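In what follows, a single structure is set out as structure tokens and then discussed.
The values are calculated or read from the model by the stated rules, or taken from the named source; none is laboratory data. Quick caveat, the model's predicted, so the values are computed rather than measured. Counting neighbours? That spans all protein chains shown, and the Cβs are built from the backbone with ideal geometry, glycine included. In case anyone asks, the SASA skips ligands and DNA or RNA and just uses the protein heavy atoms, side chains included. Shrake-Rupley method; radii C 1.70, N 1.55, O 1.52, S 1.80 Å.
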Amino acid sequence: MGNQMDRLSHLSYAEVPTVDPNGVDTDDGPRIGVSYIFSGDDDELEDGCAVDGGEKRANEEEKNYDQRDEVECAVYNREECIYEKSAKCANLEVYSPENLLNKCKAGDLVEFVATGQYPHWAVYVGDFQVVHLHRAEVKNSFLTDASQGRRCRIVNDWYKLKPLCAEVVVQNAMEQVGLKDRELSWRNSESFAGWCRFGKREFKMGGEIRIGKQPYRLKVFVSDKQSHVLEFQSLEDVIMEKRRNDHLGRTAVLRELAAHFRGVEEMKLDALRSTPSNTTEVELFG
């Protein structure tokens with residue numbers, strides 16, 4: 001179908017567009033985040049793929065998870081907080097798949113995590129099974145199989161949206177089983193699971209028109225007193241950026257931010273040095 005666009009991906013914050021088209025922010029306001037409108041499903045990088053794109057050894061993929069490397073953040077739609085993942089407001093504890101089964105109820109959202117991988121989301125539908133979007137197909141799997149050795153947790157409360165009743169959540173998930181490739185309306189497993197639970201079109205590809213002012217803000221918590229904000233035109237883009245940060249991990253994200261701000265300061269200094277002094281003009285025309 002027509003020309004295929006290359007995937008848009010930003011490997012560092014230095015490449016993310018800023019408010020100023022010249023690349024320098026003129027104030028301390030939020031920066032405009034990248035649009036992922038032509039980006040593909042990030043789930044294709046989940047299995048056996050390290051942050052740098054290389055393959056991981058199986059044991060590392062199954063067991064390596066460091067909760068200290070979690071990227072804590074919040075998402076705002078205008079002034080309303082619609083998502084938050086932080087130690088202050090959510091339980092970030094993870095469990096083995098076998099232990100989580102004792103806590104799951106039908107309609108729950110489950111997240112599977114491993115260091116250096118995109119988080120994988122699924123809908124628990126009962127009878128030890130989940131429905132999830134994986135490798136461009138909606139599948140019905142046993143939770144233990146879907147985990148692929150990753151730790152997991154229930155994440156119902158991270159999105160601050162009104163959920164549908166459990167029966168409808170399960171029905172939404174089960175009715176999509178078998179969809180694949182161009183039949184899909186979701187860009188990743190999180191968007192699919194979120195749509196099943198909340199029924200919002202914003203979770204779907206193209207669910208919002210990307211025009212005008214950016215109504216969404218992604219706030220990355222750098223420390224207890226500091227945060228960094230990016231603005232986006234759609235929830236779909238916010239989720240993609242948030243998942244990219246989860247894939248990189250807190251240490252790498254903070255390193256990117258530090259490099260970006262150093263670059264901004266250097267460009268501002270260069271701009272100041274290149275600005276002509278007003279003294280000469282006063283002397284010439286005074």
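Screening the range 73-130 for residues that are within 17 Å of Ala146 (Cβ to Cβ) and polar (S, T, N, Q) and picking the one that is modelled with the lowest pLDDT gives Gln117. Kindly indicate whether Asp43 is open to solvent by less than 40 Å² (accessible area, probe 1.4 Å), among the acidic types (Asp, Glu) and modelled with pLDDT under 95. Yes, satisfied. Run down Ser223, Ser185 and say which single residue is in a loop (DSSP other than H, G, I, E, B) and at pLDDT 95 or above. One residue alone meets the criteria, Ser185.
Residues checked against (1) of a type in the set (A, V, I, L, M); (2) farther than 20 Å from Asn64 by Cα:
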residue: Leu92; (1), (2): yes, no
residue: Leu109; (1), (2): yes, yes
residue: Trp121; (1), (2): no, no
residue: Tyr124; (1), (2): no, yes
residue: Phe128; (1), (2): no, yes
residue: Ala136; (1), (2): yes, yes
residue: Gln148; (1), (2): no, no
residue: Arg153; (1), (2): no, no
residue: Cys165; (1), (2): no, yes
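Just one residue in the set Arg217, Arg210, Arg243, Arg255 is part of a helix (DSSP H, G or I) and open to solvent by 10 Å² or more (accessible area, probe 1.4 Å); that residue is Arg255. All of Ala259, Ala193, Ala252 fail the test of being under 29 Å from Cys165 (Cβ atoms) and of a type outside the set (Phe, Trp, Tyr), apart from Ala193.
All of Ser185, Ser189 fail the test of being within 16 Å of Tyr124 (Cβ to Cβ), under 21 Å from the mean Cα position of the chain (by Cα) and of a type in the set (Gly, Ala, Ser), apart from Ser189.
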